[in-house]
């Protein structure tokens, strides 16, 4: 009787997991989805979905890099078209024309929303244009019927610059990715020694640790040697290769274990799903421009700045560029820019996004490694396919923003943290510490996420009195990122100051926001278009595996999950501007950071029933 119940329960689970994949696929290919947009733009050649971006790029594509004065006439700052179109034109102009300069008048004007200059009374005349050595003047004019026209005027000749081929940048980026893999493999070889690890674990650890450490090292090198970074890449690559050969010759490498997948229909279905999703992410990354606002206004612009001017650039104190969050960490821009923006004359926009499909693939390998840790291969593959096809993950993985990268590093930090609580092995804690360090250097949100990890570690280690682990976890990430904290301290804070808003008076004054925040946050769990059935699957797994709440690792995961949600609810409460505009723009990306904890919760709650089938 017990075997009969177990057999049918297993069938129900497989049916549920398969249904989750089918729902994800439906929404991934629905109208308005990333896949349909990419199909329209790439296959059909219909540029309408990204028409404004392409139009702005077309204005600057034939101009030599100098200085452009950007003017707007006939735009009413209070209308919706001005609030949406003017910032897009300005943000894209700055990104597209860089390293050329875009000026709008007052150099001291703090531009956060992208339309502040419409209300500025700063006077611009021919003398000002001459003093600032303006080469071109571009005027956007809105007519009475709402039509937009442009006027172009050449004031003086800009320096002629040679155009380079983008193929070399792609090759250089691939070289750097292999350098990440080799250097990361060296690190995990020192951590694991001769222990056998799964191939998926070796792949994602090698790439992620190599990429994260290379970004941190590159930042430090650029502080000391501002213009010598490309040379260090090649010298470092040669040294890494030599050391790797030495380690392999001495037999010190981590040993991959090769286990072929069983060729059963469900496993093949899962693998095909993962491959198709990876191809969509690749197409999004390599065949589409940076068209998401944050992608080009923040991360793409920073990548260009670093590799054209280094850390001594005036960018980091330019109030006209405050909208790009001058104080955001630089891990993603460093990785985007490796080999793609190192020429002053040309940068290949598609090559700069080549790094993102590799992060997506590493993320999938991480989730499969975590699932295979506790589940049978069939269930692990199905769950990995659900994760890989989650619409929000697929959308943001190739967009060129830092959210998926932060989510990946955070996933690594909590996965190895719960493994540490499960088996007590110090090397698991050390890997979690490395991933936490990368979180700090990826986005500002990484700081509170690491703080939540430290709080969880303190609570769950308090009884065992192993507080040395807590000291290491708190100290090492901040030591590794200390150069960035010192550098960023000197960057003007021209955007939202959340720390200053952390007051009791501010909370009580915004208590009415809960009526908006709570429904929006709860509604995400039911948003099938964004998340499929993965949150409902988490609820079902929790109900099915209630007995696992007595396990320390499960309690830790729930602490992290709920703490994460509470953190973002608090951020919405203290946000100083219009919350109704912010939530739709950000909530799916914030929940992307929460997704790894949710998937790990599913794995842990299902582990008991299927542990014997492993």
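Here are a few things to note about the model shown:
- Count - residues of the stretch 416-455 that are crowded, with 20+ Cβ neighbours inside 10 Å and at pLDDT below 90: 1
- Condition check for residue 45: in contact with a strand residue (DSSP E or B) (Cβ under 8 Å, 6 or more places away or on another chain) and either over 25 Å from residue 325 (Cβ atoms) or surrounded by fewer than 17 Cβ atoms within 10 Å (Cβ to Cβ) (or both): no
- Exclusive hit being surrounded by fewer than 21 Cβ atoms within 10 Å (Cβ to Cβ), in contact with a helix residue (DSSP H, G or I) (Cβ under 7 Å, 6 or more places away or on another chain), more than 17 Å from residue 17 (Cα to Cα) and in the same structural domain as residue 370 (by TED's automatic domain parsing), set 546, 579: 579
- Sole exception among (1) without any contact (Cβ under 8 Å) to a residue 12 or more places away in the chain; (2) within 20 Å of residue 124 (Cα to Cα) for residue 114, by number: (1)
- Matching residues in the stretch 58-74 - criterion: being surrounded by fewer than 19 Cβ atoms within 10 Å (Cβ to Cβ) and either on the phi > 0 side of the Ramachandran plot or assigned to a helix (DSSP H, G or I) (or both): 58, 74
- Those helices (runs of 4 or more DSSP H) of the stretch 484-557 in which 2 or more residues are within 30 Å of residue 320 (Cβ to Cβ) are absent.
- Among the residues here, residue 413 does not qualify as within 19 Å of residue 604 (Cβ to Cβ), surrounded by fewer than 24 Cβ atoms within 10 Å (Cβ to Cβ), at pLDDT 95 or above and within 25 Å of the chain's Cα centre (by Cα).
- Under the condition of being at pLDDT below 75 and in contact with a helix residue (DSSP H, G or I) (Cβ under 8 Å, 6 or more places away or on another chain), the residues counted in the stretch 490-506 number 5.
The values are calculated or read from the model by the stated rules, or taken from the named source; none is laboratory data. The structure presented is a predicted model; accordingly, all values stated were derived computationally and were not measured. All Cβ positions, glycine included, derive from the backbone under ideal geometry; neighbour counts span all protein chains shown.
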